[in-house]
Every structure is written in structure tokens, then in C-alpha cells.
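Below is the structure I would like to discuss, written out as C-alpha cells.
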Amino acid sequence: MRFLHTSPIAIAVLSLAASLGVEALPSFGSKVPNGERVPCLDEDDPTCIGGYCRGLGHGSCAGGMPGDPNLNPFGLDWRAANYEWTTDLCQADSDGDGFTNGEELGDPCCTWVAGVLSFGGS
């Protein structure tokens, strides 16, 4: 089983607003499986907090700017799903890399429920 596959979606899915003017909602990390534990590609990136990206669905760990959220394909799909982890979103391959969103976030069977402790190995 793959856990937090390091593809563009796994890296860009989560970033935290670490500088003024960046628009990201850290609480979104708790709305997808393992959403607060997606590793950054570059640990020297100032937008990484403890080695993890914490924003969700942006094109980079820097997040987006007000009026320009810079959403990546996962972010667009997640917005279309009303920011809810659904079976359809889980089974989709938003970034087209051959892995479902669920496989990339540690929920290959699409059974994760928000508010329940995330699962998967590290």
C-alpha cells in the first residue's frame, strides 16, 4: 500500500499560509485523510511547517493569493466536491499520475471519515 505518494498532488495538495497575503485554510488539512502530514518537497521552503505542507489544493506550498487561489487539479476537484472528502473525490485521479487521490493520501479503500483519527503508516 502506498502512503502519501510523493507526486505533484501529494506535495501541492497541502500548504500553509506562512506569509502575509497568502490565502489558505489550515483547518482544511483535517478534512482529508492524513491532510496534516503531507511532506514538503523542499524542507528549506519557508512555507513548510515542521516539514509538512498544510494548505490544501494549491499549485505550490505557498498557497494562493486573495482573488487568485492558485488551485491545482486536486484543489479544483475538491472545491467542486464542496470541500468534502467523498467517495468520488477519493476514487478520482485528479493529477492524472495513475494513483487515486485516496491512494495518495493513505485512504485507498475510501473509508476515511472526517473527525476520525487519520490512518496509514509513516
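The values are calculated or read from the model by the stated rules, or taken from the named source; none is laboratory data. Quick caveat, the model's predicted, so the values are computed rather than measured. FYI the Cβ positions are ideal-geometry reconstructions off the backbone, even for glycines, and counts take in every protein chain you see. Heads up: the accessible areas ignore ligands, DNA and RNA and are worked out on the full protein's heavy atoms, side chains in. Shrake-Rupley method; radii C 1.70, N 1.55, O 1.52, S 1.80 Å.
Taking θ as phi - 60°, what are the ³J(HN,Hα) couplings along region 60-67 by the Karplus curve (6.51, -1.76, 1.60), each to the nearest whole Hz, with x for Gly and Pro?
Each residue of region 60-67 in turn: 7, 5, 6, x, x, 9, x, x Hz.
Given H placed on each backbone N at 1.01 Å, which residues far from Tyr52 in sequence or on other chains put an amide H within less than 5 Å of it?
Long-range HN contacts for Tyr52: Cys40.
I've got another one for you. Sorted by mean Cβ packing within 10 Å, highest first, what order do the peptides 94-103, 64-73, 28-37 take?
My ranking of the peptides, most packed first, is 28-37, 94-103, 64-73.
Moving to a separate point now. Pop out the carbon and sulfur fraction of the accessible area of region 22-106 as a percent, whole number, probe 1.4 Å.
50 percent
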